[in-house]
Every structure is written in C-alpha cells, then in structure tokens.
Amino acid sequence: MKTETNNLSRRKFIALAGGGVGFAAIAGLGMNIDWALNNPEIDADTILKNTINTDVLVVGGGMAGLFAAVKAHDAGAKVMLVSKGRLGASGQTPFAKGIFAYDKEKEKLSIDEFVAKVSRSALGTNNQTYTRQLAEHSLARVNELKEWGFFESSLYNKSFSKPIEERNIPMHERVTITHLIKEDDRVVGAAGFSIDEQKVLFYQAKSVILCTGAGGFKPNGFPICDLTHDGTVMAYNIGAKVTGKEWNDGHPARGENPAACYDGWGDMFEQKPSTTSIEVRHDLGVDMNYMAYMSGGVAQMGRPGMGKQENSVSGGPYRPEEFSSEKGQGGPSKDGEKDGKRPPRKDGEDRPPRKEGEDGPPGKEGKGGPPGMGGGVVGGSSAGMSIHKAEGLVPINDTCESTIPGLYAAGDALGSYMAGGIYTQIGSSLSGSAVQGAIAGETAAKYSKNIKAHSISASKLNAIEEDILAPLKKEAGYSPAWVTQTLQSIMIPNFIIYIKKENLMKAALAYVEELRDHHVPHLRASNLHELRLAHETKNMVISAEMKLRASLMRKESRCSHYRLDYPELDNENWQAWINIFKAEDGTMQLEKQPFNTWATVETNSKVEFNS
Amino acid sequence: MKTQSYILRFSVLIITFIGMPLFLYFSGNFQKRTTLMETISIVTILGFSLLLSQFFTSRLNYKLMKKIRMVNVVAIHRFIGYLFISILIFHPFFIIIPKFFDNGVTPSDAFLRLITTFSSTGIILGLIAYASMLILMITAFFRFKLHLHYKTWRNLHGYLTLFFVIAATWHVVDMGRHSNMSFSIYYILMVAIGMFYLIRTNLFKTAKK
Amino acid sequence: MPIKSINGCIGCEECIKSCPTDVIRLNPDSKKAEILYPEDCQICHLCRMYCPVDAIVITPDKSIPVIVSWG
C-alpha cells in the first residue's frame, strides 16, 4: 500500500484526479491520497446478471421470513426466499430464545385483558389490532415450530430448513437485496447481488414480503451488525411510508469488552429456546441512559450482595406506576430477559434469579465477567434500533400490507406497533415475527393469484445494476467502514440518540446530511464484501436521518423516546405515530397518524386530531 | 554393555516418539480447550507418533533387532500397533465430543458433516488412511489365517503401511489442529527416515534373509 | 481480535455460511475457512457454535476501542 503512493503512475494520478473534484483538490495539494484509492479485486464489468421469476419473493431468512415463505407456499404461490445471511442464522432470530405463546387454557388473562394491559404499559402507542393478533395466533405458530424441531437445538438452521426443504422452496442465501422495483405503481420485484458469486440478481415477483428485520448503526454489544434497515430504506426509496424511528432500544453493554455480545449475554446464545407466558413489562426504555447522563456517565449496576442499586436520579423517562413495582412487572431491568431473549427462569435453574435494577448487561454469573464485574456498563449497544415491531413499513390494515400495492412486511421490518413504543410482552418479538410472517405470506399469495406477471423494463434493470455496482467502479472514494464509524460517532453518543435535545439533534442532522450528500455518493468497494458494506452504510445514513427528524418532530417524551427539552407526555398533541415518506421531490417528509387508525396511501399530514 | 545399549536405544525411541511430541505440544502456542479435549488431543498426538515409531520397532531397525530377541521385537511392535490403532480408531469420534456438551449441532449431525466433506483433501486423505488402517489391523490380526508366504506378508504389510502412513501424515499435516510448522517438520522427518529404512530393507536386504 | 483463529478446519463451510457479517471466507487454495474481515466480527459466536469440529477460537476484545454511548 505504502509503496503504491510513491510509485503512483502518472496515468493513475490523472485518472484519480479526474475521479472527483474533492479528490482532485486533495491530489492537487500534493497530499498522500493513498487512503482514497480503490483497488478493485474484481472487474465490475464482468459481473453476470441473472433474472429469477416467482410469485412471492420473501426477503429475509429469520423467523418472519420462514413463516412468510411456508405460508405463501401452502396458500398455493410459487415462492422464493432470499436471505442476506443464512436461513435461521442471521438477523436477530438466532439470538432470541424466548417465544411468547398465548395459551388460553393456561392464562388467567383473557385476550382483551392482555391487550388492555399492553396498551397501558405502552401508553397507547401500540396498535391494538396487531397486539390482539399476536395473542390469537402465537400458540399455533409455536406448535408448528415444535413440529419442526425448533425447541430441540440452540441453533435454528436445521429446524428452519425442515419445512423449507419439505416444500422444495427455492432459496438464495448470502444475497444482499438492495433495491425494490416498482412499476405501474406496484411492486414488481427486487434486485441485489451475491457476495459469493459475481452476480447481480433480479427477482421478478408479483409480490414481495420484506422480512428484513430491524437494524442499527452496526453498534457494539448487540448482534445486529448485519441489520441496517435495508428493507425500510428500500421501501422508503420507492415511496412506502415507514414509521417508528423515534423509539429506542436501550440495551447497555458491559464496560469491559463492550463489543463482545456473546459474552455480554452470558451463555444465553447457547440455550435452547423456550416459550414464555403473559408477562407484560415496560422495558428497553432509556432509563439507564438518563441515569448515566444525569450522574456524569456513571451507570452502576448492582448485583445481589453488591449493594442494592438505588436510582438516586430523579425525573427522567416516565414509567407507568404499575410497571415499576419491585416484582415481575418490569423495573428498569435491562438484562437478557428483556425482550424475551432469555427463556423465563424457573426456580432452581442454574442461573441465580436477577433482581430489579440488577440490570446490566446480562452477565453470566460466575464465569462471565472479570471478578467484581457487575459494575460498569456502557450504553448504546443496540444503537440505531427502535423497539421491536415499532419501526418499519407502515401497515394499511391487519394483513401486513404496506402503502405500496404488492409490498408486504412482517416482523421487525413492519411498523405494526404490536408491542408499542416500549417493549411490553416478554418473548413477543419472536412470536410476533412468526405470526406476522404467516399472515403476510397468506395475504401475498392471495394477492399474487390475481396479478399478471410483469416484465421489468430493460432501462430500469440497467439503471439498478449501475446503482448496485457503482461503489465497485469508483476510482477513489470513502471506505464504508470509515463512513460507518463517522456515523456511529455522530449518532451513538448518549446526548444525541437517547437524551434528546433540539439543538444537538439539529447539529447531528447537519452532520448526517453531510454524509448523505457528500460521502455516500463516494462510497467505494474493492470486493463484494465491501460492496455489501457500502450499501449497508448508505441505508444506515438514511435511517439516521429518519431517527433525527422523527425525534425532532415528537416534542414530548413517551415510552422509549425521551426529550430533555420536552420531558412530559403530551396527550393532547401526541397520541399519534410518526410516518416518514419520500416526497415527489425526493425530500424526506413526516406526518402524524393518530393512534389506532390505519394509514392511507395519501399523506394525511393535514389531518387534525384532537379527539 | 549389551543391556545398556538397548536401554539407550529404547530411551532414544521414547524421547523421539513420546518426549518430542509432548515438547512440541507444550511449547507450541496452541489454544487450550477443556481439560477433557486437551487430554484427548495429547492422546491422539501420541497415538500418531507411536504409529510413526512402528518403523523403528520392527525388523527395519536392524540394530535393535540384533540386540534383543526377535520375539520381543515382535511383541513390542504388536503392542504398540494395537495401542495406536485403538486410539486412532476413535479419532473421528473424539473430534465431535464437545457436541455432546452443548445444545447446538447434534453429535450425529456433526459427525456426518465431518465424514462427508468430500470437497476437502484432508478429509479424503483421512478417510483413505482410516480405511487402510483398518485393513492393516485386520490383516495383522489374521496374519496366520491368511497363509501367506512370509515374504509376501512382509511386502503386503510394508507397502500397506507405506500407503497408510503417507495418507495419514498428509492428512495430519493438512488439517491437524496442532499441525504447526514444527509438528509438520517433525512428522515429515520421521516418515522420511522410516520410509528410507522400509525401502532399504524391502528392496535391498531381501536377499540377505 | 474478536475471531482469533481456526484450527483443524475441515472446510465444511458451516462457519462461512453462518456468519451474519461475512467475516469468514473459504480460501480457494487450501479449501479451508479463513478469517478475512475480522474487523466486522460482532462476536456472536454463531460460527463457533455451527462448527462441527470445534475449530474456532474467539476472544471478547476488539482491536480498537469501540464507540459507545458513554465511556
């Protein structure tokens, strides 16, 4: 690398200087421009193209994708499943160990009471229809999973493969989908590339189900570094409405080796999954972030016997009283049990029970942390992620249909508000994905029956191919890793994304816009791994802009959204969700949608609601 | 004098085929696993080095043979032979032992994956070595039931060994968990010397016997 | 380094497929898994758990301090 600078040939120099004004200027100053050079390992011009036809295209191989593919197939559609990673081994699914099943034989609460309880904890932010749907369908999905052997292993690829192989559903793994394709005002397919073979892939489909999960800023300490809101941003780019960007998942990590998410979760990733029953909490908020902010960066998490942790900081995010009791209903605990990613503990289990406020990154007692650990934790391990099921495509009805005909979403890719702007029912994330995946699959199959196959125009295919391969063709540019790191340093600090204030969010937004306008267009990639990173980075930047704009718009504090300058609930103005969409002129627009109403395809920014 | 001499020779054998691999094992910068797996690793490594020592506890080691009675040489050779085979016969199963202690891939799935990864040279060589080891064991066990002429037997056993050792060593050097540079050099050196003895004996000294 | 070494690889590609962040690739010459992009490792241990022969070693540290919300 170093030698190349010295031996930089004249021709290369000229080519480089012509590559971009910015780089030319730097080169003109006689600076070392080695860092910017793209040294492609593959020739973008020799990359092959492939077109695949199907009725229903399922994007994503997690819990939602599995059920979407299986149910669409069972409803008679020709299905194709595409995953950025491996079936059952990418996204958040492999790490989720608790799955909620509402069994009316065993539960004391009726479904109505359950929905009411979730709504109470969620302060009205949940979509009751989706909360109810979760309870109604969860047991059936869990029973199917049981049949496939899901509960017999800590690894899900085998059990997920079973129904897919039995049905001969074709599957493309390690394919990154980058574009949704819309023609005649409906979805007609998607495009992406393989990271193994030098291939651009076009999928012509009558309908597409996004099971692409949520995302973050490749934060450290939470296994979501492969999730970059790809689905949300692709859908946004073709005009879909998306929602839920102001909410936060407030997971912390250990102070020591914060990036080690496996170690942070103790041995949880090694556990077999199990079911959870009704346990409505008020979790994944930003209580700890507030505590750390007010006490100067110190978030001390007590352990039994290490002195009880007192929340000496007053104020902060509001938590409904009945959900802050000492037992059961969820104090500010942020350990593994949150979000259902830990099977419910039983008395006599090998793991000592955790107490409220014991918080912390989940540590494995005994083996996990260094001696005396249980103290320092740092925030932001899931930075960029909203609450499960609260962000993603806006549904227009209870069948996971988006604002674009033929486009569906399920699981964390659908802004169904099943749990609300705070995580409520333990284990509902995983079962919610199963439930919604199944419904989306059936609906998409039904829709596809009445739709004629569409041939995507050649000009569109060419334009998309250009766009996909652009980073490979750059003579020079910014590395995706650097842009991501820069984005992380803008967004992840506690005083930007968690303890929100108008002036700082505006400042961050200015930075993000800079990345969007002057860095993203210059992302470079020298191989397919970096090409994936480049597209992921692009999506993260858009997602950051969405988060900031939505957070600026919601001038109140509610659930996991906390504004230091607007610390109170504002029920008069904010019994509403925020939808984000791309206007005709390409700008990002936001609108309010009253709680428990359905979105319309037209923008309803003018809708008044004071009821 | 005579006693001392063969004690010395045995010490050399022990140092070369037990001391040396142990030294390489402990001096190498290997990632330590559980005590159980480390023990199994050591046993397997010694099993393999003992196999290599077989070249030198047979008729090939002319000098040793002259010092002690042939009956004893055969006894030692047979003992070590059955010992290393009984270790190495379990080698493929040893590898998947950790799968009994976690909730992930089942031991049977892991084993199946292990022995069916035909895209890997090392696995193919391992399978070949394993099969020829079984043949070696069976023919040795039923040596007298085969009613072979001694020379035919010796050639069969020798060349089968040669085939086995090449496949096994290649397999070990190619994919051994502990096959770093020093181990590889050690193995290849031992095999080279052994092969030299074997070929010399079988090709040039036949007339003498 | 997060994912540190692969010893005794049999080239079955389980880890390569199971890595959510595409850290590991098959070396075309040796036909064995190779840690190609360790900087993208999220230390989730899926590769290690999917490995049939217990070949992968992972440590909890990253080579550079990571960005967190406070520290």
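No lab work stands behind these numbers, since they all come straight from the coordinates. Just so it is clear, the model here is predicted, and its values are computed rather than measured. Heads up, the Cβs are rebuilt from the backbone with ideal geometry, glycines too, and the neighbour counts pull from every protein chain shown.
Hey, which of these cross-link pairs are over 28 Å Cα-Cα: A:LYS49/A:LYS206; A:LYS84/A:LYS158; A:LYS241/A:LYS446; A:LYS158/A:LYS547? Walk me through the numbers on the way to the answer.
On the way: A:LYS49/A:LYS206 20 Å; A:LYS84/A:LYS158 18 Å; A:LYS241/A:LYS446 23 Å; A:LYS158/A:LYS547 36 Å.
The pairs that break the limit, which is 28 Å between Cα atoms, are A:LYS158/A:LYS547.
Quick one: which residues, 5+ away or cross-chain, put their amide H under 5 Å from the amide H of A:ILE52? H built at 1.01 Å from N.
A:PHE202, A:TYR203, A:GLN204
In peptide B:101-109, what is the residue-averaged number of other protein chain Cβ atoms found within 10 Å of each Cβ?
6
Can you tell me the dipole magnitude for the stretch A:452-605 around its Cα centre, using point charges on the Cβ only (Lys, Arg +1; Asp, Glu -1), in Debye to the nearest 20?
300 debye
Can you give the Kirkwood hydrodynamic radius for the stretch B:13-97, in Å, rounded to one decimal and based on Cα pairs?
Over the stretch B:13-97, the inverse of the mean reciprocal pair distance is 14.0 Å.
Can you tell me the dipole magnitude for the stretch C:1-46 around its Cα centre, using point charges on the Cβ only (Lys, Arg +1; Asp, Glu -1), in Debye to the nearest 20? Walk me through the numbers on the way to the answer.
On the way: 5 positive and 7 negative charges, 29 e Å.
It works out to roughly 140 debye.
Exceeding 23 Å between C-alpha atoms, which entries from my cross-link table qualify? They are B:LYS63/B:LYS151; A:LYS182/A:LYS452; A:LYS218/C:LYS32.
A:LYS218/C:LYS32
How big, on average over all directions, is the shadow cast by the Cα convex hull of the stretch C:3-58, in nm²?
3.1 nm²
May I ask you to give the average projected area over all directions of the convex hull of the Cα atoms of the protein assembly as shown, in nm² rounded to one decimal?
On the way: hull surface 181.4 nm².
Approximately 45.3 nm², given one-decimal rounding.
Rounded, prolate or oblate for the stretch A:121-200? Axes are the square roots of the Cα gyration tensor eigenvalues, ordered a ≥ b ≥ c, and the cut-off for rounded is a/c under 1.5.
Note, shape of the stretch A:121-200 comes out oblate.
Give the peptides A:428-441, A:122-135, C:50-63 in descending order of average Cβ contacts within 10 Å, highest first.
On the way: A:428-441: 30.6, A:122-135: 24.1, C:50-63: 20.3.
The peptides rank, most packed first, as A:428-441, A:122-135, C:50-63.
For B:LYS99, list the aspartates and glutamates whose Cα falls under 14 Å from its own Cα; do not include residues on the same chain fewer than 8 positions away.
Filter leaves A:GLU152, A:GLU270, B:ASP109, C:ASP54.
Short version: what are the Cα gyration tensor semi-axes of the stretch A:156-207, square root of 5 times each eigenvalue, largest first, in whole Å?
Working: eigenvalues 119, 52, 14 Å².
Semi-axis lengths for the stretch A:156-207 are 24, 16, 8 Å.
If I fit a long axis through the Cα atoms of helix B:121-141 and take the longest principal axis of the Cα atoms of chain B, what angle between them do I get, 0 to 90°, rounded to 10?
40 degrees
Once amide H atoms are built 1.01 Å from N in the peptide plane, which residues 5 or more positions from A:HIS561, or in another chain, come under 5 Å H to H?
Answer set, sorted by chain and number: A:ASN248.
Whole-Hz ³J(HN,Hα) for each residue in the stretch A:492-507, computed from phi via Karplus 6.51 cos²θ - 1.76 cosθ + 1.60 with θ = phi - 60°, x for glycine and proline: what do you get?
Taking θ as phi minus 60°, the curve returns 6, x, 3, 7, 9, 8, 10, 9, 8, 9, 3, 5, 6, 5, 5, 4 Hz for the stretch A:492-507.
How large is the dipole of chain B about the Cα centre if only Lys and Arg carry +1 and Asp and Glu carry -1, each at its Cβ, rounded to the nearest 20 debye?
About 1360 debye.
What is the helix-to-structure angle for B:181-199, meaning the angle in degrees between its Cα long axis and the longest Cα principal axis of chain B, kept from 0 to 90 and rounded to the nearest 10?
Computed tilt is about 30 degrees.
Per residue of B:178-191, count partner chain C-beta atoms within 10 Å of its C-beta, then hand back the mean as an integer.
Other-chain Cβ atoms within 10 Å of each residue's Cβ, averaged: 0.
At a temperature of 10 °C and a viscosity of 1.306 mPa s, determine how fast the stretch A:110-156 diffuses translationally according to Stokes-Einstein, using the Kirkwood radius over alpha-carbon pairs as Rh; express D in µm²/s, rounded to the nearest whole number. Numbers along the way, then the final one.
Details: Rh = 12.2 Å.
For the chosen part, D equals 130 µm²/s.
Dimensions of the stretch A:470-583 along principal axes (Cα, Å, largest first)?
Per principal axis, max minus min of the Cα coordinates gives 53, 27, 20 Å.
What's the ranking of A:89-97, A:505-513 by average number of surrounding C-beta atoms within 10 Å, highest first?
Descending mean neighbour count gives A:89-97, A:505-513.
I need the chymotrypsin sites (Phe, Trp or Tyr not before Pro) found in the stretch B:75-147, filtered to DSSP loop residues with at most 16 other beta carbons within 10 Å of theirs.
The qualifying sites are B:PHE90, B:PHE101, B:PHE118, B:PHE142.
Considering all projection directions equally, how large on average is the shadow of the alpha-carbon convex hull of the stretch B:2-204, in square nanometres?
That works out to 12.9 nm².
Distances longer than 17 Å among the Cα atoms of the stretch A:451-521: what percent of all pairs is that?
60 percent
Can you quote the Å³ per residue value for the convex hull of the Cα atoms in the stretch A:153-301, rounded to an integer?
Normalising the Cα hull of the stretch A:153-301 by residue number yields 196 Å³.
For a distance above 15 Å, tell me the whole-number percent of Cα pairs in the stretch A:552-596 that qualify.
Tail of P(r) above 15 Å: 49 percent of Cα pairs.
I need the semi-axes of the equivalent ellipsoid of the stretch A:402-466: take the C-alpha gyration tensor, multiply each eigenvalue by 5, square-root it, list largest first in whole angstrom.
Over the Cα atoms of the stretch A:402-466, the ellipsoid semi-axes are 31, 16, 9 Å.
Determine the calculated [θ] at 222 nm for chain B from helices alone, applying -39500 (n - 2.57) to every DSSP H run no shorter than 4 residues and normalising by the residue count; nearest 500 deg cm²/dmol.
My calculation for chain B gives -22500 deg cm²/dmol from helical runs alone.
Going by average Cβ density within 10 Å per residue, which order do the peptides A:378-386, B:119-127 take, highest to lowest?
With the highest mean Cβ count within 10 Å placed first, the list reads A:378-386, B:119-127.
Given the C-alpha atoms of the stretch A:70-173, compute the convex hull and give its volume per residue in Å³.
138 Å³
Putting +1 on Lys and Arg Cβ atoms and -1 on Asp and Glu Cβ atoms, find which of A:HIS454, A:THR443, A:PRO223 reaches farthest to the positive end of the dipole of the protein assembly as shown.
Looking along the dipole axis, the top candidate is A:PRO223.
Can you give the average number of partner chain beta-carbon atoms within 10 Å of each beta-carbon in peptide A:214-224, as a whole number?
If you average over the peptide's residues, the count of other-chain Cβ atoms is 3.
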